[in-house]
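Working notes, beginning with the structure itself.
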Amino acid sequence: FFAKYEFTCKYMLSCSDSEAWSMREVLQQADAECKDLWDNASLGYTESLGDPLLLQAIWERYRERAQLELKRQGKSTELAKNYKEQDTVNLTACVPVEGIYVTMLQLLAEGDAVICQPPAYQALYEIARSKGCKLVEWRPHYDEERHFWRFDIQVLQELLKQHFSGEKALKMLVLNSPHNPTGACFSQEQLDEIASLLAQLPQEEAPILFSDEMYSEILDSRPSNVAKKNSIVLSGLSKPWGMPGLRVGWLMVENFSHFEKITGFRDYTTLCLPPQSEILSVIALRAASKFLDRNRDIARKNYVLLQEF
């Protein structure tokens, strides 16, 4: 249905991305280094994990949050400014949906129990279903007073108690916040509370916390699960950034064993990203406020219009 009408209908009311930027607008924000990279870029292969400049730009947006997470865990480690000099988080670039596909293909097996948040982007639960996993649904609740959707953590507690208080182990909790399509969001305090609930489960191996944060940059606070135990954070430039055509995303993986399995299989999928997409991504990340402020402002204004509708 969407393939038939997405690019032909006059008014599209079901877009999941923000207003897109033009190539010219992005290149106008390039610094001298990026201008030189763009002018001299070849059409050759790129590094499988991602260009070091891109990985560094990504790390700089998460380093402070990762540092706070280590502090929450009672660790005094000072994280290096250079992503190569720290081992708290393992980082790879990828196509966003590829990050979901490869993670679930490599880390899930038939019979594994997975908690998901339907309705959602289908890949976040259908890949697990196709592998024969047992899906436990954590569904949203509509708040009549706020006229908005939310996921009650008390409901998650009840699901954990009902399904995973005995011998059955939870393999993966799939979070999507801000949530597509409801818009429900978790604060940083709520994400920390969820991580604490997972840590209390009576199982030998801690569950994987797969955190789809593709929309997190629409929030000034940018809550994240980065650096949490067994966390895998997915994000990218498709949604609030307004650059879905770049097809650039990333995974930040806390467990190195998980990281090896994921990146090893990427040799059989995209292998690497286009060099032009990587350069444009570095430009965007280095001039983040330029690209995020406009779309955040549009979202704020449209939210008011939606509530008045």
| task | Considering every residue within region 239-248, establish whether at least one is in a helix (DSSP H, G or I), under 29 Å from residue 106 (Cα atoms) and open to solvent by 50 Å² or more (accessible area, probe 1.4 Å). | result | yes
| query | Here are 136, 102, 89, 114: which of them is in contact with a Cys (Cβ under 8 Å, 6 or more places away or on another chain), more than 22 Å from residue 16 (Cβ to Cβ), in contact (Cβ under 8 Å) with a residue 60 or more places away in the chain and not charged (D, E, K, R)? | reply | 114
| In region 110-169, the residues that are of a type in the set (Lys, Arg) and closer than 21 Å to residue 180 by Cα | 129, 139, 146, 150
| query | Which one of 121, 101, 83 is among the hydroxyl-bearing types (Ser, Thr, Tyr) and within 22 Å of residue 185 (Cα to Cα)? | reply | 121
| message | Could you check region 18-45 and list, in sequence order, the residues that are in a loop (DSSP other than H, G, I, E, B) and either touching a strand residue (DSSP E or B) at 6+ places or on another chain (Cβ under 9 Å) or open to solvent by 50 Å² or more (accessible area, probe 1.4 Å) (or both)? | response | 19, 20, 28, 29, 31, 40, 42, 43, 45
| field | Hits in region 54-92 (condition: in a loop (DSSP other than H, G, I, E, B) and not basic (Lys, Arg)) | value | 73, 74, 76, 77, 78, 79, 80, 82, 86, 87, 88, 89
| Enumeration of residues in region 240-272 that are touching a residue at least 40 places away in the same chain (Cβ under 8 Å), touching a Leu at 6+ places or on another chain (Cβ under 8 Å) and under 12 Å from residue 95 (Cα atoms) | 244, 247, 248, 249, 250, 251
| query | Filter region 261-288 for residues that are in a helix (DSSP H, G or I) and touching a Lys or Arg at 6+ places or on another chain (Cβ under 8 Å); which is nearest to residue 96 (Cα to Cα)? | reply | 277
| remark: Exactly one of 209, 197 is in contact with a Lys or Arg (Cβ under 8 Å, 6 or more places away or on another chain) and under 24 Å from residue 256 (Cα atoms), and that residue is 209
| task | Return the only residue of 137, 145, 167 being of a type outside the set (Val, Ile, Thr), open to solvent by 40 Å² or more (accessible area, probe 1.4 Å) and modelled with pLDDT of 95 or more. | result | 137
| query | Can you tell which of 206, 184 is in a loop (DSSP other than H, G, I, E, B), more than 30 Å from residue 15 (Cβ to Cβ) and open to solvent by less than 40 Å² (accessible area, probe 1.4 Å)? | reply | 206
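The values are calculated or read from the model by the stated rules, or taken from the named source; none is laboratory data. None of these values were measured; they are calculated from a predicted model. Positions of Cβ are backbone-derived with ideal geometry, glycine not excepted, and every protein chain shown enters the neighbour counts. Protein only, heavy atoms only, side chains kept; ligands, DNA and RNA dropped before computing areas. Shrake-Rupley method; radii C 1.70, N 1.55, O 1.52, S 1.80 Å.
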